[in-house]
Amino acid sequence: MALLDTRSKDIRNLPGFGLTATLAVAFLYAPILFLVLYSFNSGRSISRLDGLSWQWYQAVFANEEIAGAALNSVLLAVIAASVATVMATAAALAMVRMKVRRKAAAYAVLNFPLMVPEIVTAIASLIFFSSVGLGLGFGSLVIAHTTFCIPFAYLPITARLTSMDPALESAAADLFARPWRRFTLITLPLLAPGLMSGWLLAFIVSLDDFIISSMLSGPGSTTLPVHIYSMLRLGITPEVNAVSSLMVLVSALVVITSGLIARKQT
Amino acid sequence: MRALAILLLTAAPALAEGDLFIYTWGEYTPPDLVAKFEAEFGVKVHIDSYDSMETMLAKLRAGGAGFDIIVPGDATMQVLIAEDMVEKIDVFAMPNFANVDDKWREVYWDPKREYSAPWAWGSTAFAVDTAVVTGDVSSLAALFAPAEEVKGRINMLRDMNAVIETAQFYLGVPRCNESADDMKKVLDLLETQKAWVKSYDSESKELLVSGEAVVSMTWNGYAMRARDEKPTITYVYPKEGYTGWMDNVAVPKGAPNLDNAKAWVNFVMAPENAAMITNYARYSNGIKGSEAFIEPALAAAPEINPPADAPAPEFIPTCSPEATALIDKVWTKLMN
Amino acid sequence: MKLHRLLLAPSLGTILIFMALPIAITTLYSVLTPAQYGGVIWKPSAEAYIRLLFERDIFDDTLTFNTDYLQILGRSVLQAGVATLLCLIIGLPTAWFIATRPPGQKSLWLMLVTVPYWVNLLVRTIALLLILRDEGPINRALQSIGLTDGPLPLAYNNFAIGLGLVSSFLPFMILPLYAAIERFDFSLLEAAYDLHANRRKAFFAVVLPILRPGLIAGGLLVFIPGIGSYLAPDILGGGKTLMLGNLIGMQFQGSRNWPFGAALSTILMAVTLIALFIVARRAAREET
């Protein structure tokens, strides 16, 4: 009977799910589209459209402060997400596949950063880095960001790893003598979607961060949100929209490129 | 890329000779002023921004921030000097000090001008859209006893000190108030008003221009920018009184490039340079002779030229711990 | 050194040194005395914790029970709870839908979901506010069609905050769920489908229990940051109501009471630590 089921009755296509997904995406994109639209505003307002013009994009490329801050944000996010993903993968492998004593304690530590309010992390980190002599700046930012990114990378990777059939890996153990080859040829590719999810989540979280970056940035390492927030006193212009639109464009390109590369490999 | 360079240097920030690190509000420093300084002194200027005085304070307090120039407000300067967090640079002895307007010399936060030079000053009051709010508006009653069509379209700044000070002006009770009775009256007034307030948002210019708010607490420079986009927006100097503030240039303790910092402090006291600040940020500066270099439209603007019958702005120092505790209590209850 | 220790060391070490230790210092701060202009004086004091529940009269030192801060805590929990529920209701079908698409479409959908997050939260939140408010496109459209007379109060209230929280945290629900659904053995499901009368029953009876780790992961990732959320209540709520994140922030800013801020944070962390430990116990048991 199962073989005769038509596609419309397949559990993969539950009614309303597609619609929900589309609406969810539309809801997420509404502010973005709004932002992009007003980045072309010929007037100075961020809520009243006067006309269309490239002036704000020109201003961004001329404005060292904003461009520098945006670049800092992206660089920071890439480094933090990557390091966190590597650490989290190692941790996930240990927690899921190996015998660990006091697993609950390890789990609690791994997820610890999630339960600390950002403002608290920010102040605590500020005091800590200054007193230890590491000072403020890009290095401290990387350390702090990597730290709070770890659980964000860890969760999707673990979810993926838990569901992977260990039988595949034991079969591989028969074929490959060394665990490292087993790891890179079988485990890692299977784990890939989880790794991607983890990296993306960590990247997002780092890019978004405001309070911690605000506290720990030193000379030359202001991040974008900190810069924008301090512009609030003097007035936000569509320049901010323009920077944001550019970041969307760049990230879309990055994601598309990585998707294409991934497809080539399979 | 600057960021990569800093990354390599974070362990021991060995900042190069010929640099100046400025820590200030975003979009507050004219790019052409920076270029002029760089050309004249051969120093590379780096600007970083903070979102609030408190963040800046917290960072300086924790030490190791590595900045040469900061731009604190008057009340914050008071705290910085009291806590020995700024260098004594003897601004009064600098060549360009002669240009500082007399009324900005003996200021409450730095009576001998040993630590700070004027950057810009302004006032905090409110603005109305005269297309909606008719009649003669000169009183804070516009905020606290609004007409029907104004109710629900009022905006207050998200600044507990500014809001409470405004309420205190209206009620005629002292600022930095340590009386629980007075503050109870303030709380009652603000709670009554809250029903008519749309938001407590510092983006007052945006709200006025878009029409979301027809009456809004605002800073004078912001009101001017609002008027640029919507000519019916008028800044009001309330007869009950209003707050003044001055942002100052100062050098944090332990600044890596002390000489460059002093050069900058002296530099911004020159009339044509101070005028650049005014032209860019739209706030008055404290330097004599800068009028000659200020854009004409700006020079005549009502937002930086109060009418003769307007009261003088009141500069309010940091309040005592008792007063601060009361302010905090009122704000927490109001926002609950 | 045993392999599993080597693998765990980087993560655990990083977190313990760069987060747990600083937090311990913060907890220490909660039992000190506030300094006049911010910071602390190294003198022990329980004042911060007393303040949570009681108000001390500044003149005669008497204590009266005070619900101000409890109200703020309660409101934050409620708001975060509602947001989590909404994220679940919207996120689960979305994640299911994405995970069950053919591979090409799957990556496209994933990209669609995450690209908005490359725009900073502050800017996104402001954009959302601009859309929702009286003079924004939604209200203007409704009025021009004639559906409403005056503007609907969509912004500067709890509704807007809720919307903002959902918008902020939706991918944190979708992505873990997606990862969990991805590995699903659908043939298992076809069999279950045979046993149950229809898809819906099969979904709830068979699928959901297996997805539980993903659901919990997603739920935690939304709820916990949600309670301490700062920008959404600040910008979308019009700054009219304080949530816990704002209250804590306030202590390190205008209110200059670091010990109190530290105490608030410590309480919050203690509560979530307990919840997390319970979940961790169950997760650890399930994984072995």
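The values are calculated or read from the model by the stated rules, or taken from the named source; none is laboratory data. A quick note: this is a predicted structure, and the numbers were derived from the prediction, not measured. Here the Cβ is made from the backbone with ideal geometry for all residues, glycine too, and neighbour counts use every protein chain on show. The protein model used for the area step is the full one, side chains on, heavy atoms only, and it has no ligands, DNA or RNA in it. Shrake-Rupley method; radii C 1.70, N 1.55, O 1.52, S 1.80 Å.
Values as computed for the structure displayed
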quantity	calculated
Listing of helices (runs of 4 or more DSSP H) fully contained in the stretch C:70-173 that carry 3 or more residues being touching a residue at least 24 places away in the same chain (Cβ under 8 Å) and of a type in the set (A, V, I, L, M)	C:121-132
Pick from the stretch C:210-228, criterion of a type outside the set (A, V, I, L, M) and open to solvent by less than 10 Å² (accessible area, probe 1.4 Å), ranking: farthest from the other protein chains (Cβ to nearest Cβ)	C:Gly226
Residues located in the stretch C:187-206, provided they are within 18 Å of A:Met164 (Cβ to Cβ) and either surrounded by 13 or more Cβ atoms within 10 Å (Cβ to Cβ) or at the interface with another protein chain (Cβ under 7 Å from one of its Cβ atoms) (or both)	C:Leu189
Any hit, the stretch B:58-65, residues being more than 20 Å from the chain's Cα centre (by Cα) and either part of a helix (DSSP H, G or I) or outside the structural domain of B:Phe267 (by TED's automatic domain parsing) (or both)	yes
Condition check for B:Ser138: in contact (Cβ under 8 Å) with a residue 40 or more places away in the chain, touching a Phe, Trp or Tyr at 6+ places or on another chain (Cβ under 8 Å) and either of a type in the set (Phe, Trp, Tyr) or part of a strand (DSSP E or B) (or both)	no
Qualifying residue in the stretch C:143-160 (condition: more than 27 Å from the chain's Cα centre (by Cα) and open to solvent by less than 50 Å² (accessible area, probe 1.4 Å))	yes
Test result for C:Arg124, basic (Lys, Arg), within 12 Å of chain A (Cβ to nearest Cβ) and farther than 27 Å from C:Ser265 by Cβ	no
Boolean, C:Phe184 is surrounded by fewer than 20 Cβ atoms within 10 Å (Cβ to Cβ) and outside any helix (DSSP H, G or I)	yes
Failed item in (1) modelled with pLDDT under 90; (2) on the phi < 0 side of the Ramachandran plot, with B:Gly18 passing the rest	(2)
Test set (1) more than 7 Å from every other protein chain (Cβ to nearest Cβ); (2) open to solvent by less than 20 Å² (accessible area, probe 1.4 Å) - A:Arg102 fails condition number	(2)
Criterion: out of contact with any strand residue (DSSP E or B) (no Cβ under 8 Å at 6 or more places or on another chain) and open to solvent by less than 10 Å² (accessible area, probe 1.4 Å) - qualifying residue of A:Ser170, A:Ser197, A:Ser214	A:Ser197
Breaking point among (1) under 18 Å from C:Leu86 (Cα atoms); (2) in a helix (DSSP H, G or I), for C:Thr266	(1)
Filter result for C:Arg51 (in contact with a strand residue (DSSP E or B) (Cβ under 8 Å, 6 or more places away or on another chain) and either open to solvent by less than 80 Å² (accessible area, probe 1.4 Å) or among the hydroxyl-bearing types (Ser, Thr, Tyr) (or both))	no
2 or more residues under 12 Å from B:Ala127 (Cα atoms): qualifying strands (runs of 3 or more DSSP E) within the stretch B:191-244	B:215-219, B:233-236
Condition met for C:Ala284 (modelled with pLDDT of 85 or more, part of a helix (DSSP H, G or I) and not hydroxyl-bearing (Ser, Thr, Tyr))	no
Residues of the stretch C:232-243 classified as at the interface with another protein chain (Cβ under 7 Å from one of its Cβ atoms) and open to solvent by less than 20 Å² (accessible area, probe 1.4 Å), total	3
Residue list for the stretch B:23-42, restricted to those being open to solvent by 10 Å² or more (accessible area, probe 1.4 Å) and in a loop (DSSP other than H, G, I, E, B)	B:Glu27, B:Gly42
Residues of the stretch B:304-336 satisfying the condition of being open to solvent by less than 30 Å² (accessible area, probe 1.4 Å) and more than 30 Å from C:Arg75 (Cα to Cα)	B:Ile304, B:Ala310, B:Ile316, B:Thr318, B:Cys319
A:Leu136 outside any helix (DSSP H, G or I), over 29 Å from C:Ala180 (Cα atoms) and in the same structural domain as A:Met87 (by TED's automatic domain parsing)	yes
Residue match in the stretch B:161-172 (condition: open to solvent by 20 Å² or more (accessible area, probe 1.4 Å), assigned to a loop (DSSP other than H, G, I, E, B) and within 14 Å of another protein chain (Cβ to nearest Cβ))	no
Subset of the stretch C:10-39 that is at pLDDT below 85 and within 10 Å of chain A (Cβ to nearest Cβ) - its residue that is surrounded by the fewest Cβ atoms within 10 Å (Cβ to Cβ)	C:Gly39
Pick from the stretch C:221-242, criterion more than 12 Å from the chain's Cα centre (by Cα) and in a loop (DSSP other than H, G, I, E, B), ranking: nearest to C:Asn158 (Cα to Cα)	C:Gly237
Selection count where residues are open to solvent by 40 Å² or more (accessible area, probe 1.4 Å), over 20 Å from B:Tyr28 (Cα atoms) and either of a type in the set (Val, Ile, Thr) or at the interface with another protein chain (Cβ under 10 Å from one of its Cβ atoms) (or both), scope the stretch A:50-74	3
Per-region count, the stretch B:271-303, residues hydrophobic (A, V, I, L, M, F, W, C), open to solvent by less than 10 Å² (accessible area, probe 1.4 Å) and in a loop (DSSP other than H, G, I, E, B)	1
Subset of the stretch B:251-266 (residues that are assigned to a helix (DSSP H, G or I) and open to solvent by 10 Å² or more (accessible area, probe 1.4 Å))	B:Leu258, B:Asp259, B:Asn260, B:Lys262, B:Ala263, B:Asn266
Every pair of residues 6+ apart whose Cβ atoms lie under 7 Å, when the first sits in the stretch B:82-102 and is in contact (Cβ under 8 Å) with a residue 24 or more places away in the chain while the second is in a helix (DSSP H, G or I) and aliphatic (A, V, I, L, M)	B:Met85/B:Leu60; B:Val86/B:Leu80; B:Glu87/B:Leu258; B:Ile89/B:Val265; B:Val91/B:Val265; B:Met94/B:Val265; B:Phe97/B:Val91
So A:Leu191, is it crowded, with 17+ Cβ neighbours inside 10 Å, under 25 Å from the mean Cα position of the chain (by Cα), over 18 Å from C:Ala180 (Cβ atoms) and in the same structural domain as A:Met247 (by TED's automatic domain parsing)	no
Given (1) open to solvent by less than 30 Å² (accessible area, probe 1.4 Å); (2) farther than 24 Å from A:Ile186 by Cβ; (3) at the interface with another protein chain (Cβ under 7 Å from one of its Cβ atoms), number of the condition A:Ala122 does not satisfy	(3)
